[in-house]
Amino acid sequence: MERRGKFSVSVAKDYLVFASAHFITFAGHRCEGLHGHNYRASVTLDGELDEETWLVFDFVMLKQIMRRLCDEIDHKVLLPLENPRLQVVEDGSSVTVAYEGKPRYVFPRVDCALLPIPNTTVEMLAELLANRLQAQLESMGARGVTAIEMEVEENFGQSAVYKVGLR
Ligand SMILES: [Zn+2]
């Protein structure tokens with residue numbers, strides 16, 4: 001039988017959450033104050049069926065990877081390293097944050113996640129998690145996955161989705 005459709009697998013679990021602090025900068029000279037969200041991540045993988053297992057990707061493995069990615073940034077202050085208005089500097093066991101040259105915060109280094117993104121919007125967090133998941137899939141030699149769709153929600157009904165094809 002010829003198969004005409006395509007498959008995808010998704011995980012969205014109660015434990016795929018990260019409770020983290022952040023603030024974002026807006027256009028012009030506006031910068032939010034520090035606050036937190038209970039973020040939730042969910043992911044969909046498009047892919048081809050494995051010929052031996054008839055799976056696109058093993059759920060157990062996908063859940064483990066996603067949980068680790070969430071744990072890495074759980075209970076942290078999320079700080080963007082590529083924002084031209086923010087100066088985020090590691091200083092021994094502290095991280096100092098200045099906005100347009102004016103000192104704003106000092107955090108313990110262990111409580112920070114320094115992220116290679118320009119702003120800690122859910123859009124950028126979704127892209128970051130998708131990139132980290134892609135790197136993990138590549139290191140495992142997972143070949144059948146053709147696209148990642150990562151969703152990060154910062155509030156009920158308020159989320160961003162990043163979708164990327166892998167070839
Ligand atoms: Zn926020």
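The values are calculated or read from the model by the stated rules, or taken from the named source; none is laboratory data. In this text, all values refer to a predicted model and were calculated from it rather than measured experimentally. Backbone-built Cβ (ideal geometry, glycine too); neighbour counts: all protein chains shown. Ligands, DNA and RNA are stripped out before the accessible areas are found, and what is left, the full protein with its side chains, is counted by its heavy atoms. Shrake-Rupley method; radii C 1.70, N 1.55, O 1.52, S 1.80 Å.
Just one residue in the set 160, 147, 113, 130 is part of a helix (DSSP H, G or I) and aliphatic (A, V, I, L, M); that residue is 130. Criterion first (more than 16 Å from the ligand (Cβ to nearest atom), aliphatic (A, V, I, L, M) and assigned to a loop (DSSP other than H, G, I, E, B)) does residue 60 satisfy it? For residue 60, the condition - more than 16 Å from the ligand (Cβ to nearest atom), aliphatic (A, V, I, L, M) and assigned to a loop (DSSP other than H, G, I, E, B) - is not met. Checking every residue in segment 14-26 against the condition of being away from the ligand (no atom under 15 Å from the Cβ) and more than 29 Å from residue 157 (Cα to Cα) gives zero matches. Taken residue by residue, segment 66-85 has at least one member that is away from the ligand (no atom under 14 Å from the Cβ), of a type in the set (D, E, K, R), open to solvent by less than 50 Å² (accessible area, probe 1.4 Å) and modelled with pLDDT of 95 or more. Of all residues in segment 24-49, those satisfying the criterion of being in a loop (DSSP other than H, G, I, E, B) and either surrounded by 12 or more Cβ atoms within 10 Å (Cβ to Cβ) or basic (Lys, Arg) (or both) are 24, 30, 34, 48, 49.
Can you say whether residue 33 is out of contact with any strand residue (DSSP E or B) (no Cβ under 9 Å at 6 or more places or on another chain), farther than 18 Å from residue 137 by Cβ and away from the ligand (no atom under 16 Å from the Cβ), as far as the supplied structure shows? It is false that residue 33 is out of contact with any strand residue (DSSP E or B) (no Cβ under 9 Å at 6 or more places or on another chain), farther than 18 Å from residue 137 by Cβ and away from the ligand (no atom under 16 Å from the Cβ). In the set (1) crowded, with 19+ Cβ neighbours inside 10 Å; (2) modelled with pLDDT under 95; (3) of a type outside the set (S, T, N, Q); (4) within 16 Å of the ligand (Cβ to nearest atom), residue 156 fails one condition alone, (1).
Selection over segment 113-143 of residues that are in contact with a Leu (Cβ under 7 Å, 6 or more places away or on another chain) and either without any contact (Cβ under 8 Å) to a residue 24 or more places away in the chain or under 21 Å from residue 56 (Cα atoms) (or both) gives a count of 5. Within segment 8-23, is there a residue that is outside any loop (DSSP other than H, G, I, E, B), in contact with a Leu (Cβ under 9 Å, 6 or more places away or on another chain) and of a type in the set (Phe, Trp, Tyr)? The answer is yes; a qualifying residue exists. Taking residues in segment 91-109 that are over 17 Å from residue 25 (Cβ atoms) and in a strand (DSSP E or B), and partners anywhere that are open to solvent by 90 Å² or more (accessible area, probe 1.4 Å) and modelled with pLDDT of 95 or more, the pairs with Cβ atoms closer than 6 Å and at least 6 places apart or on different chains are 94/106.
What about residue 88, is it under 18 Å from residue 118 (Cβ atoms), among the hydrophobic types (A, V, I, L, M, F, W, C) and touching an Asp or Glu at 6+ places or on another chain (Cβ under 7 Å)? Explain how you work it out, then say what you get.
On the way: under 18 Å from residue 118 (Cβ atoms): yes; among the hydrophobic types (A, V, I, L, M, F, W, C): yes; touching an Asp or Glu at 6+ places or on another chain (Cβ under 7 Å): no.
Criteria not met by residue 88.
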